[in-house]
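Values in this text are rule-based calculations from the coordinates and carry no lab data. Note that this is a predicted model, so its numbers are computed, not measured. Every residue, glycine among them, receives a Cβ derived from its backbone with ideal geometry; neighbour counts consider all protein chains shown.
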Amino acid sequence: MKHYLDAAENAARAAGKLLRENFQRQQRVKAVAAHDIKLEIDVQAQELISKLLLEEFPAHALYGEEGIVGDQSSDHQWIVDPLDGTVNYFYGIPHFCVSIALRLHKEIVVGVIYDPIRGEMWTGQRGEVSKLNGAPIHVSDRAELAEAVISIGLAKTGETINTNFPLLQQMIHRVRKCRVLGSAALDMAYVACGRFDAYIETGISLWDIAAGSLLVENAGGTVDLRPRENMKDKYSIVASNGLIDLKL
Ligand code: LIP
């Protein structure tokens with residue numbers, strides 16, 4: 001898988017460079033909603049990633065937040081979130097990333113998450129321990145819920161906020177701290193390297209968590225991903241170090 005991983009890392013660095021160079025500059029807004037914003041640079045970053053990956057692997061398909069390219073029934077499907085944490089990016093909050101995964105025969109076999117502001121690159125491939133900037137990582141060994149720091153996402157619609165907020169209200173009394181940072185992919189990466197003990201969200205898309213799922217599992221954690229019947233192409237996720245009982 002090394003050549004796929006190298007290609008994913010290369011594409012993530014290129015998109016990350018584009019995002020870093022345009023960060024805190026005037027952004028062209030594509031769409032605005034009550035709890036979400038879509039930017040032109042999301043599209044530019046995905047086009048750059050798509051060009052780099054599909055030039056090297058013309059037979060592959062790409063499934064991304066900003067659209068799909070190629071035959072999605074292809075054995076090789078890249079799952080891409082070119083800018084995860086778009087609202088943070090628009091408001092100049094330096095907490096966003098690029099997330100790229102490769103699904104081969106329905107199994108995620110390669111995953112990279114790149115934070116271009118901190119220069120942090122999480123990499124994972126099937127059968128290997130996950131890495132951060134080339135060094136092996138492991139989930140935390142914290143088993144006590146009362147000592148845990150967990151991340152809870154609220155997603156971006158009134159419906160998903162109404163689903164996620166009650167959980168935040170419950171968990172905030174059970175754990176040491178809850179965090180709501182606005183990037184599912186970085187939440188997953190932080191679980192994989194033990195900064196968070198768990199991450200929970202309902203209403204996220206596959207591109208938000210595909211790479212992170214491999215990173216968490218290959219760092220010794222667990223990922224419970226469930227499609228939502230009433231939300232098309234949306235999922236609920238519980239990712240953790242596999243030790244704490246979240247009593248959900
Ligand atoms: C974001 C997710 C985050 C969620 C936000 C949004 P985007 O993705 O990473 O977990 O709470 O609502 O969905 O839109 O920045 O790629």
Residues with amide H under 5 Å of G64's amide H, sequence separation 5 or more or different chain, H placed in the peptide plane at 1.01 Å from N; which? V69, V80
Going 7 Å from the Cα of E55 toward and past its Cβ, which residues in region 7-22 have a backbone nitrogen under 18 Å from where you end up? 7-19
Is there a quick way to get the dipole size of region 1-60? I mean about its Cα centre, with the Cβ of Lys and Arg at +1 and of Asp and Glu at -1; what is the value in debye to the nearest 20? 220
Taking the dipole of the chain about the Cα centre (Lys, Arg +1; Asp, Glu -1; charges at Cβ), the one of S205, L248, L5 that reaches farthest to the positive side is L248
Which listed residue (G220, V149, S130) has the Cα farthest towards the positive end of the charge dipole for the chain, taking +1 on Lys and Arg C-beta and -1 on Asp and Glu C-beta about the Cα centre? V149
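Only bridges whose two residues both fall in the chain count here: according to DSSP, what percent of them are antiparallel, nearest 5? Please list the in-between numbers first.
On the way: 43 of 53 bridges.
Restricted to the chain, the bridges split so that about 80 percent are antiparallel.
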Using +1 on the beta carbon of Lys and Arg, -1 on that of Asp and Glu, and nothing else charged, what's the dipole of region 129-240 about the Cα centre, debye to 20? 200
Would you mind working out the magnitude of the charge dipole of the chain relative to its Cα centre, with +1 at each Lys and Arg C-beta and -1 at each Asp and Glu C-beta, to the nearest 20 Debye? 540
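Run the helix sum for the chain: -39,500 (n - 2.57) per DSSP H stretch of 4+ residues, divided by residue count, reported at 222 nm to the nearest 500 deg cm²/dmol.
Details: 6 runs with 78 residues, N = 248.
After summing the helix terms and dividing by residue count, I get -10000 deg cm²/dmol.
As an exercise, identify the GluC sites (Glu not before Pro) in region 177-234 lying in DSSP coil whose Cβ has no more than 11 other Cβ atoms within 10 Å.
Details: sites: E201, E217, E229; in loops: E229.
Sites meeting the loop and neighbour criteria: E229.
When D224, D197, D84 are ordered from fewest to most other Cβ atoms inside 10 Å of their Cβ, what list results? Spell out each step's value before the answer.
On the way: D224 12, D197 28, D84 31.
By the 10 Å Cβ count, ascending: D224, D197, D84.
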Counted charge near A59, where neighbours are those whose Cβ lies closer than 15 Å (Asp, Glu -1; Lys, Arg +1): -3
For q = 0.09, 0.16 Å⁻¹, what log10 I(q)/I(0) does the chain give under the Debye formula with an equal point scatterer on each alpha carbon and no solvent? -0.35, -1.16
Please report the spacing between the Cα centers of region 207-248 and region 1-68 in Å, no decimals. 23
Suppose the chain between K247 and D6 were pulled fully straight at 0.36 nm per residue; how much longer would it get relative to their current alpha carbon spacing? 82.9 nm
Where the centroid of each part is defined by its Cα atoms, how far is region 156-200 from region 97-127 in Å? 21
Ignoring trypsin sites (Lys or Arg not before Pro) that are buried or in helix or strand per DSSP, and keeping those with at most 10 other beta carbon atoms within 10 Å, what is the longest stretch of the chain between them? 107-231
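Using a Förster distance of 35 angstrom, determine the FRET efficiency expected from the C-beta separation of R176 and A34, and round it to 0.05.
On the way: r = 31 Å, r/R0 = 0.89.
The value I calculate is 0.65.
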